[in-house]
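Novice: The structure's right below; bear with me while I get my questions together.
The values are calculated or read from the model by the stated rules, or taken from the named source; none is laboratory data. For clarity, every value in this text was computed on a predicted model and none was experimentally measured. Cβ atoms come from the backbone with ideal geometry, glycine included; neighbour counts cover every protein chain shown.
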Amino acid sequence: MTVLKLRASKAGLFGATALVAAALAGCETYGGGATASRQFAVLESDQTGATTVNIASLSEVIQRNPNDAAAYVTRGAAYARAGQFNDAIGDFTKAVQIDPNSASAYNNRALANRQIGRNDAALQDFSKSISADPNYAPAYIGRANVLRAQGDLDGATSDLNRAISLAPESAEAYHARGLVRQKQGQNTQAIGDFDAAIDRNPFVAAPYAARGQSLIATNQYDKAIEDYNAALNVNNKDATSWAYRGLAYEKSNRKKEAAESYQRAAQIEPGNPVAKQGLGRVQGGVGSLFN
């Protein structure tokens, strides 16, 4: 599964002893559109081997302290960083068996379950996290992302309002609420939430890209282009951002720039429908080359 590389994610989805929040792209990176693929924000793969060493040392800690819930949470986080989500879930499960009131362990297990498509299990664990600690904002954000994906926009909004009241500096919460509002067609309000997310964390691609869609929807094409430039500066391999930048250029009657952006999107993702359809419009059928 393709993921966005978030610069701020070193303390993101799977932090050391407690996950502080689902990262900005908690579920869909964008709020709508034909190419709104599911992209889950996770830590970049460790290419240094440090994670393997870390897991080994954490296993030694657990051998010495087999009833230490925090040790299992920490190793579970390391497994998640390595992409070993089933092993991570096993450690988080052991943690909640030792400490049934560990909100962070339930939240971590929910996030790991989301990574492997177990949304119903994730929803249950987010709710358990909230029951263990009603003031634990990350669990409200995580549950809201699942509810949004399931179409319960009112439930998602309620959870995100609560998360923002608990953690008013949370970029993740504002971004997630922006996605809900975008899905409701409330693009002006969505832009306000994406503004707030970017103010709090300007170093990730997702809120720029999401705001770009709402700017296109409200006919603010030049601003949308600026946002997609910012998103692509963080992650220039994101076909959807290239495609929607093409759409913004096309709507502002800059067909040459539109074609270039659509072509970049099609090179990265040959089946991208926004790029294929856009090329068909600006180049008279060239889009058929990218079937």
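Condition check ((1) in contact with a Gly (Cβ under 8 Å, 6 or more places away or on another chain); (2) part of a helix (DSSP H, G or I); (3) at pLDDT below 85) across all residues:
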site	(1), (2), (3)
Phe40	yes, no, yes
Asp46	no, no, yes
Arg75	no, yes, no
Gly83	no, no, no
Gly90	yes, yes, no
Gln97	no, yes, no
Asn108	yes, yes, no
Asp120	no, yes, no
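Novice: Let me ask you something else. Report yes if Arg162 is at pLDDT 95 or above and either out of contact with any helix residue (DSSP H, G or I) (no Cβ under 9 Å at 6 or more places or on another chain) or assigned by TED's automatic domain parsing to the domain that holds Arg177 (or both), otherwise no.
Specialist: Against the criterion (at pLDDT 95 or above and either out of contact with any helix residue (DSSP H, G or I) (no Cβ under 9 Å at 6 or more places or on another chain) or assigned by TED's automatic domain parsing to the domain that holds Arg177 (or both)), Arg162 qualifies.
Novice: Taking into account only those residues within segment 245-266 that are within 19 Å of Ala217 (Cα to Cα) and in contact with a Phe, Trp or Tyr (Cβ under 6 Å, 6 or more places away or on another chain), which is surrounded by the fewest Cβ atoms within 10 Å (Cβ to Cβ)?
Specialist: This residue is Lys251.
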